[in-house]
Amino acid sequence: MISLILILTAAMFFSGIVIRARSIASGRKGPGIFQPVKDILRQLKKGSVFSDTTSIIFQIAPVIYFASILMGICIMPVGEYRGLISFDGDFVFFAYVLAAGKFFMIIAALDTGSSFEGMGASREALFSMLAEPAFFIIMGSLALLTGNTSFSGIFSTLKFGSHINIALGALTTFVLVMIAMIENSRMPVDDSRTHLELTMIHEVMVLDNSGFDLALIMHGVNLKFAMYGALIANLFIPGFGEYITILIFFAIQVIFAVTVGAIESFMARFRMNHNPQFIFILSSVSLLIFFAVLLVIGKFS
Amino acid sequence: MNIFYLFIAGTAASLVLIPFFSIRIKGIITLAAVTFITAVSAYPAVLSLMGSNTEFLFAGSIVTGEIPLRIDALSGFFILVINFTFLTGAFYGFQYLKAYLSRVDPVIYSLHCISFILALSSLIAICSIQNGFVFLIAWEIMALSAFILVMFEHYRKETIRAGINYIVQSHICVLFIMTGFIWVAVKMNSFSFDAVRNFSASSPGIINLGLFFCFFIGFSIKAGFVPFHTWLPHAHPAAPSHISGIMSGVIIKIGIYGIMRMLLLIQLDYLTAGYIILIISVMSGLYGVMLAIIQHNLKRLLAYHSIENIGIIGMGIGLGCIGLGTGNRMLAFLGFSGALLHVLNHSLFKSLLFYAAGNVYQAAGTMNIEKLGGLIKRMPGTAFMFLIAALAICGLPPFNGFISEFLIYSAMFGGLSSAGLPFLLILVFSILGLVIIGGLAIICFTKAFGTVFLGIPRAALEREPVEMGIGRLIPMGAVMLPIVAIGIFPDIIIQVLSEPVNLFFGGSGFNFRSHEFPLLGIMKSVARCSLGFYLLAGSLFLIRRMIMKRRIVSAGPTWGCGYAATGGKLQYTASSFIRNYRKLAEPLLSIEIRKKGVTGIFPKIVSQESHPYDKIEGIFIDRFLNLIGRVTDIFSFLQNGNLQYYILYGLVFIMLVMTGPVLYDIMISFLGFIDRL
C-alpha cells in the first residue's frame, strides 16, 4: 500500500520536474512543478467531442489504459515496501497488463478512421513490441542473479556489491531508462512536443481524445513515468532503513526526471525508420547484462 | 449397459438415419447425434479427470485382435476439449449452413453431416484406443472425414486445391505414424500400445529417440509444426467457418495428443527430445505469427495463428520434457500444464475467432480485410466476441490465454535458477521467442480487429452487412464464457489439469501446494489481479459516465488536419499499418510486390499489389513439386488423347506382364546352362 501511495505521489510532480528541467536548460524559468497536474484537473472539467466515426471502443480505451497502468503500479514494490499484490512471476503480469492497455489505445486510434492516428498506432504497436524483449531479459537476468522471480523478491535481495555488479547496475539502469523513454514516447524515439503528425507516435494517437479521456491519458503518462522511476529506484534502494528508502526513492525520481528533461533538451529525435535499430540495441545490451550475470554467478566456469 | 456400445450405437444410428430425411431434418439429426455422442463420451472423460480410469476390452476381429480401450486423464482431457468445440461448432454450423440451404445438393449436405459425426466419433476413438492398428484406422476415418468437411464448397477452385493438398499431406502424416507402429510390431509382434512401452523399455536410447521422432514427425504434420505446416493455411480458409473453427480448434490438437501419448509410452531421453521440441516450437511460434501479420485474408491470418499457438503448446511440452529429463518436477509440471491449458484455450478462442470470421464472411461477402471496415456498428455482438477472443489469443490478462502463457513463462523463469549453461542459453532464446510472439500477436490482432471492425468501410460491399441472428451468437457466447471464466478462476483449472499432468510423473503426484513453489497460491494471486483489473476498469468507467453526464458532449468529424473531405480511402489500411514491420521483417519473408509507379508526363493508373508467400512452403514443397512436374513432363507425350494409343499401352502392358515371367524363366535356365558349362 505504501509503495502505491509513494508512486502516486511521485507521479504528481514528475512531469513538472521534466518541464522545469527543460526550461532551465533552454534558459527560461518555466512553470511550477505542479502545472501539469493543474492542467489535468482543468482538462477533467471540460466537455468532450467525439468523432462520428468512433464506436464504444474509443470510449472505453482510455479507461482501460489508465486501469492497466494502475494495475502495474499496484504490483510495483518500492524497496522493502511490497506492492499491493506480489507473487512469483508478477513482472510477467506487469508487462502483459500494460500491453493490454496499449492494445486498447492502438485500436482506439484505429477507431477514429484518421490516417494520422493509424500511423501513430502502427508505430506504437511495433516499437513497444520491440522494447518488450529487453525488459524480459533484464528481469530474467535479475531473477537469475537473485534466485527470485517476483518483483519484491528480486528487489529485496538485489545487491550491487562488487565491480562487475556496479557495471551491471549501470547497464541495467541505462536500459530501463531507455525503455521508460520508449514506453512513454519520449525524446530519442518520439517527441511529445511537436505537433507535426508525421513525426509523432503517442501524441498522434490521441488527437481525437478530449476532456475526461484526455485527462486520463495525460495522467496515465505521468503515472507510467513514476512507475518506471520506481523500477529504476528499486535497483538502488535495497538494504537501507524504512525512512531512508522513501528519501532515496524521491531523490531517484527527481534525478530520473531531470535526466529525462536533459535528454529531451540536448538530444535530437531519431529518424523514425532508425528507431527499430535503436531499440534492437537495447535488446542486445540486455543480453549483455544476461551474460554478465552468468559470469557473476559463475555459470561459465 | 456399457458406455462404449452406447457410443457406437449412437454414431451408427445417426449415420444410417441422415440420408433418408429432408435437408432441414438432416441438420437437426446431426445436432441431436452430436449432443448424444458428446454427452455419452463426456461421462467417462469426467470420471477420468476425477481420478478413475475407464477400461474396456473389445473382442475385435481376426484382423485386429483384441482392441483395448482406455480413457485415462490425458484422453479424458482431450475428449472434453473435442466435445465442447464440436458441440458449439455443430450449433454454429447449423445456422451457418442455412445460407447454403437453397443452393446445396442434398447429397452434399448429407455427406457433410455424416462426415461431421464421423470426425467427432473418430477423434474420440483416437483418444481412447490403445492399439496401433485400430488407432490408424480411426485416424484415417478422421483424416478422410475432415477432408470431406473441408470440401463442402467443392465447386471453388481454391477449395479443391486446398483439399487435395490436405489429403496428400495428411497421408504423409499417416505414413510416418504407420512406420512407427510397424517398427514396433516387427520387433514385438503386436500393435498394442503396451507393446510400444515394452519395446522402448528393452531397447537402447537412440532407438527410442528415433522411434519417438518418427511418431513426432507424423503427429506434427497434423499439428502443424513448422516446417510441416504448409497444408494448414490452405485448408482452413477453404473450409466453411464452423469447420475451420473445429479444425483449428481440435483436429490439429489431436497431433498434440499423439505426441503427448507417445511421450508417456516411450521411455526416451527426455532431455534431448525436450531440447529439440522446444527449438522447433519456438521456430513454429515465431514463423507462424510473422506470416500471420502479412496476410490479407482474415481466415488465412487466423490459420497462421494456429501455427503460432501450436508453437506455444510445443514450448510447454518441450519445457515439460526438459523438466522430466533433469528431474525438475516443478519445471515439468508447469511446462505440461501450460501446454495442456493452452490446448484448451486455443480451442476456445480460435474457434470463436473463426465463427466471428464466418459471420463477417456471410455478412460482407469477403474475407479480404482491406475491403472491410466499421463493422462494429453493424455487427456489435460479433465484434465484441472477436475482440475478447483477440485479447485472449494475444495472451493478455484478464483472459485465459494469459494464464497458459503465464504458466509457460513461470516454467522458463523458474527453470533459470537450476539450469546448466546450454539449457540457460536455450531458455533465454525461448523467453525471447515467447516475448516476441506476444508482441507480434498484438500487432496482428490490432491490425485485424482495427481494419475489419473499426473506422469506416474501405470499399463498397455487395450488400449491407447486418448482425447475425441469436442462433449464432448463443453458441459463440458459450465459447466466450470459459475464455473469461478461466481468466478469473485459474486456480480451479490448474487443479483439474493436475490429473493428466501427473501421468507424466508415473504415479507420484506433484504437490502444487509445496513450499518451494506454491503454484496454487500464485494462481490465486493472478486471479486477484485479473479481478482487480476488471474492478478498476469497471469503476473507472462508472466514474467516467457519471462525470460525462454533467459535461457537454458533442459529436463532430474526425480531426483531419483541416482537410474536411475525409473518407474511407484516407484511413490507414491493414497493409500500411504493418508497413514498418514488413520493412523490418522483409529479409525473412517472401512477399511478392507488383508495382506500377508514376511514369511520364501523363501518368496512367498507379497500382501496387502485395502477395504474401510462404518461404518454407516454397523451399520444402513447391520446389519438389516443380521437380516432379519437370520429370513427369518428359513423359507427357504418352498422354496424347488418342484412344488407339491407350489401347496400345494396355496391350503392351499385358504382353509385358505375360512375357515377363517367361523371359525370366528363360534367363534362369540360360544362366543355369552357362553355369553347367
Hits in the stretch B:376-407 - residues which are more than 10 Å from chain A (Cβ to nearest Cβ) and of a type outside the set (G, A, S): B:R378, B:M379, B:T382, B:M385, B:F386, B:I388, B:I393, B:N400, B:I403
Considering only residues that are open to solvent by less than 10 Å² (accessible area, probe 1.4 Å) and of a type in the set (A, V, I, L, M), which ones fall in the stretch A:82-94? A:V92
With criteria (1) more than 22 Å from B:G255 (Cα to Cα); (2) touching a strand residue (DSSP E or B) at 6+ places or on another chain (Cβ under 7 Å), B:A138 comes up short on (1)
In the stretch B:173-190, what residues are more than 28 Å from the chain's Cα centre (by Cα) and either of a type in the set (G, A, S) or open to solvent by less than 70 Å² (accessible area, probe 1.4 Å) (or both)? B:V184, B:A185, B:M188, B:S190
Considering only the stretch B:550-639, give the strands (runs of 3 or more DSSP E) lying wholly within it that have at least 2 residues that are facing chain A (nearest Cβ under 9 Å) and modelled with pLDDT of 85 or more. B:553-556
Find all pairs meeting these conditions: Cβ atoms under 9 angstrom apart; at least six residues apart or on different chains; first residue within the stretch B:620-636 and open to solvent by 80 Å² or more (accessible area, probe 1.4 Å); second residue modelled with pLDDT of 85 or more. B:F620/B:P227; B:F620/B:F228; B:F620/B:T230
Please determine, by comparing only the residues of the stretch A:133-174 that are polar (S, T, N, Q), away from chain B (no Cβ under 11 Å) and closer than 23 Å to A:L98 by Cβ, which one is surrounded by the most Cβ atoms within 10 Å (Cβ to Cβ). A:T172
Do the conditions hold for A:L130, that is, is it open to solvent by 10 Å² or more (accessible area, probe 1.4 Å) and at the interface with chain B (Cβ under 8 Å from one of its Cβ atoms)? yes
Given the condition part of a helix (DSSP H, G or I) and farther than 21 Å from B:I62 by Cα, answer yes or no: does some residue in the stretch B:133-142 qualify? yes
Within the stretch B:7-46, how many residues are of a type outside the set (V, I, T) and either assigned to a loop (DSSP other than H, G, I, E, B) or open to solvent by 70 Å² or more (accessible area, probe 1.4 Å) (or both)? 7
Give all pairs with beta carbons closer than 6 Å in which a residue from the stretch A:53-81 that is more than 10 Å from chain B (Cβ to nearest Cβ) and surrounded by 24 or more Cβ atoms within 10 Å (Cβ to Cβ) meets a residue that is not hydroxyl-bearing (S, T, Y) and not in a helix (DSSP H, G or I); count only pairs at least 6 apart in sequence or on separate chains. A:M76/A:G83; A:P77/A:G83; A:G79/A:I237
Given the condition surrounded by fewer than 24 Cβ atoms within 10 Å (Cβ to Cβ), assigned to a helix (DSSP H, G or I) and within 23 Å of the chain's Cα centre (by Cα), answer yes or no: does some residue in the stretch B:387-395 qualify? yes
Kindly establish whether A:I217 is in a helix (DSSP H, G or I), open to solvent by 20 Å² or more (accessible area, probe 1.4 Å) and more than 12 Å from every other protein chain (Cβ to nearest Cβ). no
More than 18 Å from B:D269 (Cβ to Cβ) and either crowded, with 21+ Cβ neighbours inside 10 Å or modelled with pLDDT under 90 (or both): which single residue out of B:F225, B:F199 fits that description? B:F225
Enumeration of residues in the stretch A:96-123 that are surrounded by fewer than 24 Cβ atoms within 10 Å (Cβ to Cβ) and more than 8 Å from chain B (Cβ to nearest Cβ): A:L98
Would you tally the residues in the stretch B:254-269 being under 22 Å from the mean Cα position of the chain (by Cα) and modelled with pLDDT under 90? 0
Which residues, counting only those in the stretch A:278-292, are more than 10 Å from chain B (Cβ to nearest Cβ) and touching a residue at least 60 places away in the same chain (Cβ under 8 Å)? A:F278, A:I279, A:L282, A:V285, A:L288, A:I289, A:A292
Screening B:R579, B:R551 for residues that are surrounded by 11 or more Cβ atoms within 10 Å (Cβ to Cβ), under 29 Å from the mean Cα position of the chain (by Cα), without any contact (Cβ under 8 Å) to a residue 40 or more places away in the chain and not assigned by TED's automatic domain parsing to the domain that holds B:N165 leaves only B:R579
What number of residues in the stretch B:603-659 are β-branched (V, I, T) and under 30 Å from B:A162 (Cα atoms)? 7
All-but-one check, B:Q169 against (1) under 22 Å from the mean Cα position of the chain (by Cα); (2) open to solvent by less than 10 Å² (accessible area, probe 1.4 Å); (3) touching a residue at least 60 places away in the same chain (Cβ under 8 Å), failing number (2)
State whether one or more residues within the stretch A:25-47 are outside any helix (DSSP H, G or I), of a type outside the set (S, T, N, Q) and at the interface with chain B (Cβ under 10 Å from one of its Cβ atoms). yes
Do you know which residues across the stretch B:152-166 are among the hydrophobic types (A, V, I, L, M, F, W, C) and either closer than 30 Å to B:I67 by Cβ or under 17 Å from the mean Cα position of the chain (by Cα) (or both)? B:A162
Could you grab the pairs with beta carbons closer than 6 Å, sequence gap of 6+ or different chains, first residue in the stretch B:53-64 and within 18 Å of B:Y43 (Cβ to Cβ), second one open to solvent by less than 100 Å² (accessible area, probe 1.4 Å) and basic (K, R)? B:E55/B:R70
Qualifying position, being out of contact with any Phe, Trp or Tyr (no Cβ under 7 Å at 6 or more places or on another chain), under 20 Å from B:M260 (Cα atoms) and surrounded by fewer than 16 Cβ atoms within 10 Å (Cβ to Cβ), among B:S61, B:S52: B:S52
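The values are calculated or read from the model by the stated rules, or taken from the named source; none is laboratory data. Every value quoted in this text rests on a predicted model; they were computed, and no experiment measured them. Cβ atoms come from the backbone with ideal geometry, glycine included; neighbour counts cover every protein chain shown. Heads up: the accessible areas ignore ligands, DNA and RNA and are worked out on the full protein's heavy atoms, side chains in. Shrake-Rupley method; radii C 1.70, N 1.55, O 1.52, S 1.80 Å.
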